[in-house]
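A quick write-up on the structure given underneath.
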Amino acid sequence: MFEKKKKIIILLIDNPITALFMLGWLKQNNLDKDDNYEIVSFYCTIDYDDSYSKKIDSKKTIYENNCKRIMSPIQTKWISCSEPGYYIDRFSLTPFSFYKLNQERKLKKLYLHKIKTALKTKNISMQNIQQVWRGTSGFGSFFRYLCPRAEFSKFEHGLSDTCINTPEPLFPKNLSLPKKTNRKIYWWIYNHLAYFNFSYLNYEFDSYISLLGEERKKTTPAYENSIKSIKLSFIHKALSIVNKQFNLSLLQKNISGASAVILLHNIKPWAKNPNDHLLFFQAFEKHLINSYSKIFRQNQIKTLIFKSRLFHEEFNKEGFNNFSQLKKEYYLLFLSDLSKENLPTEFYLDTIKPVVLIGDYSSGLFYSKKLYPNIKTYSYHPWFINYTTQTFDATFPDHSWLEKTFHGVLQNEFKHILPTIISTQTNKPKQT
């Protein structure tokens with residue numbers, strides 16, 4: 001008798017949050033227990049250079065292992081491959097870009113060959129690939145070409161993904177072409193020149209999978225049928241699995257009294273010397289004291305837990321070590337000292353159980369509030385914009401338009417998970 005060929009689901013994973021959402025979706029649909037399917041995780045390595053860390057290779061390994069351990073209860077095969085990157089800025093196509101587009105075309109051909117080789121090495125037939133799930137991975141385009149008949153699902157990662165398919169005015173005018181018709185023409189030109197006429201020019205997905213699916217359906221009625229919601233119970237189930245994988249329950253013994261988690265930002269794109277980072281964190285400490293002391297008192301906060309992103313740990317740890325005023329009033333912890341894996345914030349909340357969560361205007365605040373409605377969330381992005389604009393004459397462009405989107409146009413749909421925005425003047429230290 002011939003063995004029945006299993007249907008293959010390719011999971012394009014490049015970060016732990018995407019892995020968590022995919023694990024929850026697999027559990028919700030019982031696909032991890034369905035013998036008709038084979039689950040293949042295709043990991044896309046992150047392209048960070050050693051300017052982020054003196055131990056950049058070690059951090060890349062930790063990052064991949066985090067994703068791998070999250071998926072380990074269900075995945076059958078794991079493939080690791082670096083992303084191709086871009087030879088040319090996709091948002092600055094000009095008539096003078098044809099040489100660079102040709103170079104990118106060669107780069108894409110190289111990576112197409114690498115993907116084919118990786119699949120062949122694991123005995124994966126492209127004819128059996130039925131579904132492709134992706135978050136932000138750059139490999140989605142290649143799989144559209146290799147598996148044109150497969151069903152493609154987009155997993156939400158970040159607030160900009162939450163805005164997919166919302167009305168055009170919600171997007172910033174300075175990011176790509178404003179009109180949908182022009183944007184289609186733009187990408188048609190780019191894809192034909194850079195991707196040698198790949199057959200994935202339709203950028204739509206068969207389904208959009210989101211923790212915020214119910215909210216998104218209200219904002220985009222035309223896509224209601226294609227937007228799928230990951231139920232909270234299955235994300236909590238996935239988080240419980242991860243908790244055991246990483247022994248996160250052990251963190252609780254380090255926390256004294258009511259706690260607040262503070263998500264640290266970075267100024268790496270503009271900092272010219274180490275002193276820039278120290279001045280930034282000095283100003284940030286003053287901001288926390290001036291703007292959050294009352295909130296801390298009202299919630300009887302005893303412990304402040306500072307959370308850095310994995311690839312910003314060294315800059316942020318140095319800043320944390322210089323918080324001289326906060327340590328007089330609170331017990332301070334640097335989360336990476338307790339958990340070397342340094343997973344995204346959402347993974348720790350069930351164990352730490354903070355009363356308050358403070359961060360910039362990011363998906364972490366939204367997802368956390370959705371998962372744990374009782375947590376009080378605050379955004380310090382007005383202060384950050386103020387500081388970086390005054391100091392470096394630059395800032396991250398997303399904060400302002402995302403605030404206008406969610407606290408403005410989409411406020412009614414997202415009001416139950418919106419963070420409170422704390423606006424204050426910049427506490428910028430004087431240069432000495």
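A short reminder: the numbers here are calculations on the coordinates, not readings from a lab. Note that this is a predicted model, so its numbers are computed, not measured. Cβ placement follows ideal geometry from the backbone for every residue including glycine, while neighbour counts extend to all protein chains displayed.
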Exercise. Could you pull out the pairs from Lys68/Lys370; Lys327/Lys353; Lys7/Lys340; Lys109/Lys404 whose alpha carbons sit more than 31 Å apart here?
Key: Lys7/Lys340; Lys109/Lys404
Quiz item: Lys217: net charge of surrounding residues, Cβ under 10 Å, Lys/Arg +1, Asp/Glu -1, itself excluded?
Solution: -1
Quiz item: So, in nm, how far is label Lys244 from label Asn321 when the simple model puts each one 7 Å beyond its Cα toward the Cβ?
Solution: 3.9 nm
Exercise. Quick one: which residues, 5 or more positions from Thr377 or on another chain, have an amide H under 5 Å from its amide H? H modelled 1.01 Å from N in the peptide plane, none for Pro or chain starts.
Key: Leu357, Thr420
Quiz prompt | Net charge over other residues, Cβ less than 10 angstrom from the Cβ of Phe42 (K, R count +1; D, E count -1) | solution = +2
Quiz item: Which peptide among 235-241, 118-124 comes first, and what is the full order, when sorted by highest mean count of other Cβ atoms within 10 Å?
Solution: 235-241, 118-124
Quiz item: How long is the gain from Asp35 to Lys77 if the chain were fully straight, where each residue apart is worth 0.36 nm and the alpha carbon distance is subtracted?
Solution: 13.6 nm
Self-check item: Fully extended contour minus Cα-Cα distance, from Ser293 to Lys353, at 0.36 nm per residue
Solution: 19.6 nm
Quiz item: Which residues in segment 345-375 have a backbone N closer than 17 Å to a point placed 7 Å from the Cα of Tyr331 along the Cα-to-Cβ line?
Solution: 351-356
Quiz item: Taking square-rooted eigenvalues a ≥ b ≥ c of the alpha carbon gyration tensor, is segment 246-321 rounded, prolate or oblate, where a/c under 1.5 means rounded and, failing that, a/b exceeding b/c means prolate?
Solution: oblate
Quiz item: What shape does segment 217-290 take by its C-alpha gyration tensor, where a ≥ b ≥ c are the square roots of the eigenvalues and a/c under 1.5 counts as rounded, a/b above b/c as prolate, and the rest as oblate?
Solution: oblate
Quiz item: Cα centroids of segment 107-166 and segment 1-70: how far apart, whole angstrom?
Solution: 12 Å
Exercise. Work out the FRET efficiency for Ala394 and Ser423 from their Cβ-Cβ distance, taking R0 = 25 Å, and round it to the nearest 0.05.
Key: 0.80
Quiz item: For the residues Ile255, Ile352, Ile289, what sequence is obtained by ranking on other C-beta atoms within 10 Å, fewest first?
Solution: Ile289, Ile255, Ile352
Self-check item: In sequence order, calculated HN-Hα J values of segment 14-27 (Karplus, 6.51, -1.76, 1.60; Hz; x Gly/Pro)
Solution: 9, 6, x, 5, 4, 4, 4, 5, 5, 4, x, 5, 4, 5
